[in-house]
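Worksheet: the structure to be examined is printed underneath.
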Amino acid sequence: MKRLTYLILAFTVLMPHMAQAETRIFACEPEWAALANEIGGDKVAVTSATSGTEDPHHVRAKPSLLAAMRRADVVFCTGAGLEAGWLPVLMQQAADAQVQPGNPGNLMASSFVRLMNPPAKIDRAMGDVHPEGNPHIQTDPRNIVAVAKGFTERLAQIDVENAGYYQGRLGDFTQRFQGMITASESAAKSLKGAPVVVYHDEWAYLNRWLGLNEVATLEAKPGIPPTASHLQDVLATSRNAGVKMILLAPFDDDQAAKWLAGQIGAKIVRLPFTVGGRPGTETLQATFETTVKSLTQP
Ligand SMILES: [Zn+2]
């Protein structure tokens, strides 16, 4: 009887803590959802607005996303215009004040990274979907490390009580991740200088990291599908450079890539792009390991 009383008492004391809400995180892309889980552990509840096989430029603001946005304590996205076509609509319809831009609950991963290829002037008139520079920062694991640090600091600021827990998990994550980066760099040494063609300018950070030489994009401009005359230019450039690989994200159309591959005898390589983009890429670490494996396989 005494033991039972003690148990009930223990439960009553513990209950408020158990019932205490986790920090609810609305991640725009799977890489930030995965990172939020790595750092937040069981203190966070994470929703990803997109899956690894969806193009993050184009997302439908469906009711389930509005519901997730309504519950969010933190909005964790890439920024830099990547979600310009859908996030503002969601935020306007469903977001609380704490996740609006300028508040701690609004966190843009691109703010922790120097963007590649910032345009001289912002011009969307030609349909360019990279108005602030290249937003596809998640393809370089060193960017992930920088974002992890920024995210942890912010999370610790929002949930002060668990700050030590988050810092500890950041330390573990960074150590494991750094090991993967070193191993990947060594495995990918033979790729240095290899000329590649991409569909969309979505591998700029990956190519810079591993030293791949991007000679052309099949798209005429970011977000603008290939045109016949542009493809003729790409063909000439690719022949000249001796391109052996054409890199595609899981959601990229492969019609132009197949044509070019046939013309020059190159291989089409579908890379994960993000967590869940290919089979066996359930974690950030596995995503990069699969990427390097796909690039180095003969
Ligand atoms: Zn893009």
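Contact map, segment 63-80: first residue of a type in the set (S, T, N, Q), second residue part of a helix (DSSP H, G or I), Cβ cut-off under 6 Å, separation 6 or more or different chains; pairs are THR78/ALA109; THR78/SER110. Of all the residues in segment 108-167, those that are more than 20 Å from GLU214 (Cβ to Cβ), within 16 Å of the ligand (Cβ to nearest atom) and in a loop (DSSP other than H, G, I, E, B) number 5.
GLY223 - would you say it is on the phi > 0 side of the Ramachandran plot and either away from the ligand (no atom under 16 Å from the Cβ) or more than 21 Å from the chain's Cα centre (by Cα) (or both)? Even if it seems obvious, please write down each step before you answer.
Numbers: on the phi > 0 side of the Ramachandran plot: yes; either away from the ligand (no atom under 16 Å from the Cβ) or more than 21 Å from the chain's Cα centre (by Cα) (or both): no.
Answer is no for this residue.
Taken over segment 262-277, the criterion of being farther than 14 Å from THR296 by Cα and touching an Asp or Glu at 6+ places or on another chain (Cβ under 9 Å) is satisfied by PHE273, THR274, VAL275, GLY276. In summary, PRO298 fulfils each of the numbered conditions (1) in a loop (DSSP other than H, G, I, E, B); (2) buried (at least 17 other Cβ atoms within 10 Å of the Cβ) with the single exception of condition (2).
Test VAL74 against the criterion of being more than 27 Å from ALA249 (Cα to Cα) and out of contact with any Cys (no Cβ under 9 Å at 6 or more places or on another chain), and give yes or no.
yes
With the requirement that a residue be assigned to a loop (DSSP other than H, G, I, E, B), hydrophobic (A, V, I, L, M, F, W, C) and surrounded by fewer than 18 Cβ atoms within 10 Å (Cβ to Cβ), what does segment 216-250 give you? Scanning segment 216-250 gives a single hit, ALA220.
The single residue among LEU218, LEU210 that is out of contact with any Asp or Glu (no Cβ under 7 Å at 6 or more places or on another chain), aliphatic (A, V, I, L, M) and within 16 Å of the ligand (Cβ to nearest atom) turns out to be LEU218.
In this structure, does ALA194 turn out to be more than 24 Å from LEU107 (Cα to Cα), in contact with a Lys or Arg (Cβ under 9 Å, 6 or more places away or on another chain) and crowded, with 18+ Cβ neighbours inside 10 Å? Talk me through it step by step, then tell me what you get.
Working: more than 24 Å from LEU107 (Cα to Cα): yes; in contact with a Lys or Arg (Cβ under 9 Å, 6 or more places away or on another chain): yes; crowded, with 18+ Cβ neighbours inside 10 Å: yes.
So ALA194 fits the description; yes.
Read-outs throughout are calculated quantities, based only on the coordinates presented, and are distinct from any laboratory measurement. Here the structure is a predicted model, which means the values were calculated and not measured. Ideal geometry is used to build each Cβ from the backbone, glycine not excepted, and the neighbour counts take in all protein chains shown.
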